[in-house]
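Take a look at the structure below.
The values are calculated or read from the model by the stated rules, or taken from the named source; none is laboratory data. Not measured: the values here are computed from a predicted model. Cβ: placed from backbone, ideal geometry, glycine included. Neighbour counts: every protein chain shown.
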Amino acid sequence: MKSLKILIISTSHYKMGDSGEKTGVWLEELATPYYIFKEAGADVVLASPKGGAVPLDPKSQSIIVVTPPAKRFLKDVEAMSVLAHSVLLSEITAGDFDGVYLPGGHGPMWDITGNTTVSQLLEEFYRANKPIGSVCHGVVALLDLQNERGEPVIKGKQITAFSNSEEESARLTKIVPFLLETKLRSLGALYSKGPDYVSHVLAEGNIITGQNAASSEGVAKKMIALLQPDKHQSVNKFKSPIL
C-alpha cells in the first residue's frame, strides 16, 4: 500500500513588520501536526518560500506556551534537520502529495499572503479534492484562491483563523499588514471563532481550518481522517465544528 505524503508549507519570514521583534512559524502549530502525520505513517516534506532554514517564532519557544510535542520537536534531531533544510517552494509539485498543511505564526502575513506559488499549488490541491489544512495565520494562504468561476474559494464556506480579539490581546493590530478575520469576512467567508486561544476547528469539503495554536491537533487529525477514512468512522461528521 502506498504511504501518504503530506506537504507542510511554512513561512520564511522572521521580522514582525517594523516593530523590531522577531516572528516566524509558531512551534506548536508545526510540531503537533508533524508528529500526527508521522505517526499515521505519512512521509512529511517541509517547504518554504526561500527554502533552507525556517525561522521559529521566539515566543513560541517560551516555557509558558511550549507543549510536549514542541519540546519533543526541539530535541528531535531528524525534526530539527527538516526545519533547517526546508525545500524551496518553487520546486514542489502538488501531484506528488496527498494533502497540504500550513501552520501559522505571524510570518505568513508577510510572505504567504499574495504568494502566487502558494496560490497555484493550493488551487491544484483544491481541484484534486485533496485535504488542505491551515491554522491561525496560516489561513492567510486561502485568501487568494479562486474557483473555476473566478470567485474566492472561501466564499460561503465555514472558515476560522486567528481572530481580531486574539490579535488585540497580542497587541499586534497596528503591526500586522491587515486583520485576518476582517479580510476573510470581506471575501464572503462564513467566519466563526471560539474563545480566545481555545481550540476551534471547522471543516467544509477538503478545507480544514483552525483558529489558533490549540487547534493544530484537531486540524491534523481531521486531515488524516479524510486521507484514511477506513480508520476513522467519524469522517462523515466533518461539517460539525469542534469547539
How about segment 75-90: which of its residues are over 11 Å from residue 53 (Cβ atoms), in a helix (DSSP H, G or I) and within 19 Å of the chain's Cα centre (by Cα)? 79, 89, 90
Can you say whether residue 92 is within 30 Å of residue 22 (Cβ to Cβ), surrounded by fewer than 21 Cβ atoms within 10 Å (Cβ to Cβ) and of a type in the set (A, V, I, L, M, F, W, C), as far as the supplied structure shows? yes
Scope segment 163-175; condition crowded, with 19+ Cβ neighbours inside 10 Å and in contact with a helix residue (DSSP H, G or I) (Cβ under 8 Å, 6 or more places away or on another chain); matching residues: 163, 167
Which condition number in (1) under 25 Å from residue 12 (Cα atoms); (2) in contact with a helix residue (DSSP H, G or I) (Cβ under 7 Å, 6 or more places away or on another chain); (3) of a type in the set (D, E, K, R) is the one that residue 196 fails? (1)
Count of segment 124-141 residues which are touching a Leu at 6+ places or on another chain (Cβ under 9 Å) and in a helix (DSSP H, G or I): 8
Residue in segment 5-18 that is surrounded by 14 or more Cβ atoms within 10 Å (Cβ to Cβ), at pLDDT below 95 and on the phi > 0 side of the Ramachandran plot present: yes
Taking only segment 168-197 into account, find how many residues are within 17 Å of the chain's Cα centre (by Cα) and acidic (Asp, Glu). 1
